Amino acid sequence: MKLDRLLGKRSLSEAQVQMSFTRRGFVLGAAQIGLCGVLAGRMAWISIVDNDKYNLLAESNRVNLSLIPPRRGWVIDRHGKPLALNRTVFRVDIIPDRLVDKDATLDALVRLIGLTPDERQRIVDDIKTGTGFQPVQVAENLDWERYAALSVRAQELPGVIPAQGFARYYPAGAAVGQLLGYVGAASGADYEKTKDPLMVTPGYKVGKAGVEKIEQERLKGTPGARRSEVTARGKLVRELATRADVPGQSLQMTIDGGLQEYAARRLGDNSGAVTVIDTATGAILALASMPSFDPNAFTDGIGRAEWARLSGDERLPLVNKTLQSLYPPGSTVKPAAALALLKAGVDPDETVFCGGGYRLGNRTFRCLGRHGPMNMTRAIARSCNTYFYTMGRRIGYDKIAAMARELGLGAEYDLPATSQRYGTIPDSEWKLRKYKQKWSDSDTLNATIGQGYVLTSPFQLAVMASRIASGRLLVPHLMGRAPAAAHLSCPDEHLAVVRQGMKEVVSFNGTAGRSQLPFPDIAMGGKTGTAQVRKIEGSQRGQSGAWKYRDHGLFVCFAPTDNPRYAASVVIEHGLGGARAAAPVAKDVLTYLFDPVKAMATLIEMEKGWGGDIAARMARQAEGAAATPTVEAGDNATETPR
């Protein structure tokens, strides 16, 4: 005790010590109870309030949900024949997050399914830019042998998913390329517009051009879904449930599938277009543009070498010539000029002497020959420029332009096409507005025979022929039905004069006498045309020289002449003349409508001399291009026709 006092320390009784420990125990106990209360409250919140949230998270760790791309609706022709359908394909995808050794896995895929270096690099790039959990396409349209070989080894390749799906298929290939367009994988821009996860689902395709693009919403369908139980490493345990996709709606077109393919094949190696219209309804039966691309190849994307070959081809296989190419119509518009002359009061029996040309000031506008006295029907049959120079100047071109527009030239049409060009039907107001110049007599002479400022599309020429043949303002269409068409402003007797002249064109004395139909009781009426590509200088008349400088050949027609049922136009680029190049094609195309067997027999013999059908010739072209590459090896990209 004395020692404690000396040290200055106060002695504590046993009771005091006990009380001190009791207070500390109370504080610690209260803290423990509080902490347990907080934990219990949080557990209660998680288990009761957030129960659905954490159930969903737990389920997502165990269950994989994947979308099933929907099957696109079929596109069928007027008879129900498929123009575009779906076929079963074998495919392989990679889920980046489940890859254990990316390089080893890709090396194995190279060995198993024969990936090229370009394809391997494309997959590497897609994995880098992907989201990790989103599948990346490895290959599509695998044959059974490669698919089976991969399926056997799939358990050894984590993240590699063999699957079956559907791919777009076009039975007629390039024959419908420009008509239907094609499908392809959705782009990043497509995804950004909708934020729809389906857009980045492997195997899902969207319309990229033509009908496939315009009718995307109708054709696309509704996706299905698949729930699968997987391990932590992503290994499939079992399939839990599957919701089937809903295919898109079928789309029926007015196209005659057999005629469409025949017209494309009949064009052979020419660069040109064929359009056929039903004169009873205005339905479009064929809309062929060649050369074209095979939409089956574009479905999976093409390499830059193939793109360079197509885009560099002077015959423009990526352009829909029926709607997007414009040409001076040449003499094919003389029937329209004749109707304008009749409407202006010109007597069809009045004659004009053709001595080989027409003198205007100190300039001579040449005719195709020295025809002598010409009335209207003979002038149409012999394509006499002098007659139309004389009469066109008499009434003025503004009246001819009005009739040309009534017959469908220079107009826009409501069609499921990504673009179309309207051309030009000029008049005095147009020239003053565009060039700040007055219309001249030389402008009238040139425009009356389809030259000068006049530009039309092959499709518009077919519409003109159909309206002359039917006498009505037919509305051309590719789907559904058009409203009843009103009569043209010109009377039937005027139409009869022009039709007679067009009938005589396809006779022994006409410009297309060699293109008569091979039927004794069916006659075809038509009008040939030759369109200059460049200005005539000296003796050069576009009938020789480099292909791109030669004159275009055009032909418009209808049949039968006594009760027109079909009308058509044919344009052969740089074909030298309508009678030489375009009329024979039109003859065979119309023959197909009346006797398909006879027409096919003729075509098959022709194709033997051309080196086979479209697919065979395109295959050889691709092989030749592959043997002489124009770009560096390794370049590969998906391109889109413009």
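The values are calculated or read from the model by the stated rules, or taken from the named source; none is laboratory data. Being a predicted model, the structure only gives us computed values, none of them experimental. No Cβ is skipped: glycine too gets one built from the backbone with ideal geometry, and neighbour counts run over all protein chains shown. Calculation scope for accessible area: heavy atoms of the full protein, side chains included, ligands and nucleic acids excluded. Shrake-Rupley method; radii C 1.70, N 1.55, O 1.52, S 1.80 Å.
A few notes on this one:
- Looking only at the stretch 279-327, residues that are open to solvent by 30 Å² or more (accessible area, probe 1.4 Å) and either among the acidic types (Asp, Glu) or touching a strand residue (DSSP E or B) at 6+ places or on another chain (Cβ under 6 Å) (or both) come to 6 in all.
- Just one of the listed residues (497, 463) is buried (at least 17 other Cβ atoms within 10 Å of the Cβ) and either under 29 Å from residue 252 (Cβ atoms) or not hydrophobic (A, V, I, L, M, F, W, C) (or both), namely 463.
- Single residue of the stretch 191-210 satisfying the filter (in a helix (DSSP H, G or I) and not basic (Lys, Arg)) that is surrounded by the most Cβ atoms within 10 Å (Cβ to Cβ): 210
- From the options 450, 471, 480, residue that is buried (at least 21 other Cβ atoms within 10 Å of the Cβ) and within 36 Å of the chain's Cα centre (by Cα): 450
- One residue from 628, 640 being open to solvent by 40 Å² or more (accessible area, probe 1.4 Å), at pLDDT below 85 and more than 26 Å from residue 176 (Cβ to Cβ): 628
- Test for residue 168: is it assigned to a strand (DSSP E or B), of a type in the set (Lys, Arg) and on the phi < 0 side of the Ramachandran plot: yes
- Condition met for residue 85 (over 25 Å from residue 252 (Cα atoms) and either of a type in the set (Ser, Thr, Tyr) or not in a loop (DSSP other than H, G, I, E, B) (or both)): no
- Test: residue in the stretch 139-146 that is over 26 Å from residue 198 (Cα atoms), modelled with pLDDT of 85 or more, in a helix (DSSP H, G or I) and touching a Gly at 6+ places or on another chain (Cβ under 9 Å): yes
- Qualifying residue in the stretch 54-64 (condition: open to solvent by 100 Å² or more (accessible area, probe 1.4 Å), modelled with pLDDT under 70 and of a type in the set (A, V, I, L, M)): yes
- Residue selected from the stretch 180-190 under the condition outside any loop (DSSP other than H, G, I, E, B) and open to solvent by less than 10 Å² (accessible area, probe 1.4 Å), by the criterion nearest to residue 259 (Cα to Cα): 180
- Residues of the stretch 88-110 satisfying the condition of being of a type outside the set (Val, Ile, Thr) and either assigned to a strand (DSSP E or B) or open to solvent by 30 Å² or more (accessible area, probe 1.4 Å) (or both): 90, 91, 93, 97, 98, 99, 101, 102, 103, 104, 107
- Check on residue 505, open to solvent by less than 10 Å² (accessible area, probe 1.4 Å), at pLDDT 95 or above and in contact with a Gly (Cβ under 6 Å, 6 or more places away or on another chain): yes
- Helices (runs of 4 or more DSSP H) contained entirely in the stretch 329-419, each with at least 3 residues that are open to solvent by 20 Å² or more (accessible area, probe 1.4 Å): 376-382, 385-395, 397-406
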